Amino acid sequence: MIYKDNDLRTALGDIVRSQLGNPGTSLSPVQEALSKAGLRIHEDTIALMRNNPEPTGYLLGKRLMSTARQKEQPTPSSRLKNNLFWNIAATGLLVRQPQAMIPSRFVSLGFTQQIARHIDMDADSIDRLRRSMRVELIYAGREHTISTNVQRSFESSVKQYLATFSLSLRGTKPDAYRKIAAEWCKTPTVEMFYKLLGDNLSPRSLGTWSPFEAKFMYKFFTDVRNDPSLTTLDQKVLTAYISAWSGGDGVQKKLEQAAEEIKLDTGITYNYHTLHDHLNILVQEQANRYKSQ
């Protein structure tokens, strides 16, 4: 199943209607129930949401879903997210395949847009979700849960990429790639490589790496595709939202701070919108479950 924001919005709108009750009925039981779920919502806001559950109730629906996900399910499932990430990587391989005969390098121009067209998502969402995929890989590397097969594929892709761009190709800065290669050889980890990319290349140059990472990303998410357990990043995203929503005003600012912490921790460009997209995938599975009941 491919993530669609409109589908999620509709499902959460239905949930909000069922959770908040009908206009004119008592607000106290609703406030009490929300408080037990870890949410403090003013009664005026509840009354407003009753009359306009979609889209006004959209954020509340996501709050309910993420809170329920941690409180009601001992082993929440992240299969939907894992399968979407697998699909992005697999489609990247498909898009890249015709380029295999090009002797110089894989072409990054239009790569993300082609993936987006194949799986019917917008290119900006693909770009943001790919950042989450990189963070997932970095945390897996720290936790030593990357298989030998994936690690070898990663190292092979890095060597191919650095060897290609260390040449004097038009539009590149070979010295930067040579510096990355020299430093990465000292500490050949996933985390170090992405740190070196961020420290030495411009955002535009970073895009040249995207086609090269498709193969090992595909192998990594094939390994975890059916694993239902929440990853370190999943937990950080859900915790950030529950904490922000439980604390009253300034929700977006708190979420921006949480995204900045992930960025500082991993070196991957991560912002509020990336955090938001990651959460949407996690709660869609929960929304689908509520909608089917």
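Taking segment 213-229 as the range and being acidic (Asp, Glu), farther than 16 Å from residue 157 by Cα and touching a Lys or Arg at 6+ places or on another chain (Cβ under 9 Å) as the test, only 227 passes.
The set of residues in segment 197-223 that are of a type in the set (S, T, N, Q) and in contact with a helix residue (DSSP H, G or I) (Cβ under 8 Å, 6 or more places away or on another chain) comprises 200, 205, 208, 210, 222. For segment 184-212, the set of residues classified as within 13 Å of residue 158 (Cβ to Cβ) and hydrophobic (A, V, I, L, M, F, W, C) consists of 184, 185, 190, 192, 193, 196, 197, 209, 212, listed by residue number.
Just need a number here: residues in segment 249-285 that are basic (Lys, Arg) and either without any contact (Cβ under 8 Å) to a residue 12 or more places away in the chain or surrounded by 20 or more Cβ atoms within 10 Å (Cβ to Cβ) (or both). Break it down stepwise before answering.
Going residue by residue through segment 249-285, those that are basic (Lys, Arg) are 253-254, 263.
Filter again for either without any contact (Cβ under 8 Å) to a residue 12 or more places away in the chain or surrounded by 20 or more Cβ atoms within 10 Å (Cβ to Cβ) (or both), leaving 253, 263.
Number satisfying all stated conditions: 2.
Matching residues to (1) closer than 30 Å to residue 94 by Cα; (2) in the same structural domain as residue 145 (by TED's automatic domain parsing):
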{"residue": "218", "(1), (2)": "yes, yes"}
{"residue": "234", "(1), (2)": "yes, no"}
{"residue": "240", "(1), (2)": "no, no"}
{"residue": "251", "(1), (2)": "no, no"}
{"residue": "258", "(1), (2)": "no, no"}
{"residue": "265", "(1), (2)": "no, no"}
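In segment 179-222, which residue that is surrounded by 15 or more Cβ atoms within 10 Å (Cβ to Cβ) and of a type in the set (Lys, Arg) is modelled with the lowest pLDDT? Write out each step before concluding.
First, pick out the residues of segment 179-222 that are surrounded by 15 or more Cβ atoms within 10 Å (Cβ to Cβ): 179-181, 183-184, 189-198, 200-201, 205-222.
Subset that is of a type in the set (Lys, Arg): 179, 195, 215, 219.
Numbers: 179: 89, 195: 93, 215: 92, 219: 96.
Looking at residues that are surrounded by 15 or more Cβ atoms within 10 Å (Cβ to Cβ) and of a type in the set (Lys, Arg), I get 179.
For (1) basic (Lys, Arg); (2) touching a helix residue (DSSP H, G or I) at 6+ places or on another chain (Cβ under 9 Å); (3) in a helix (DSSP H, G or I), each residue gets a yes or a no:
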{"site": "192", "(1), (2), (3)": "no, yes, yes"}
{"site": "195", "(1), (2), (3)": "yes, yes, yes"}
{"site": "227", "(1), (2), (3)": "no, yes, no"}
{"site": "234", "(1), (2), (3)": "no, yes, yes"}
{"site": "244", "(1), (2), (3)": "no, yes, yes"}
{"site": "256", "(1), (2), (3)": "no, yes, yes"}
{"site": "273", "(1), (2), (3)": "no, yes, yes"}
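The values are calculated or read from the model by the stated rules, or taken from the named source; none is laboratory data. Keep in mind the model is a prediction, meaning the values are calculated, not measured. Virtual Cβ from ideal backbone geometry, glycine too; neighbours counted across all protein chains shown.
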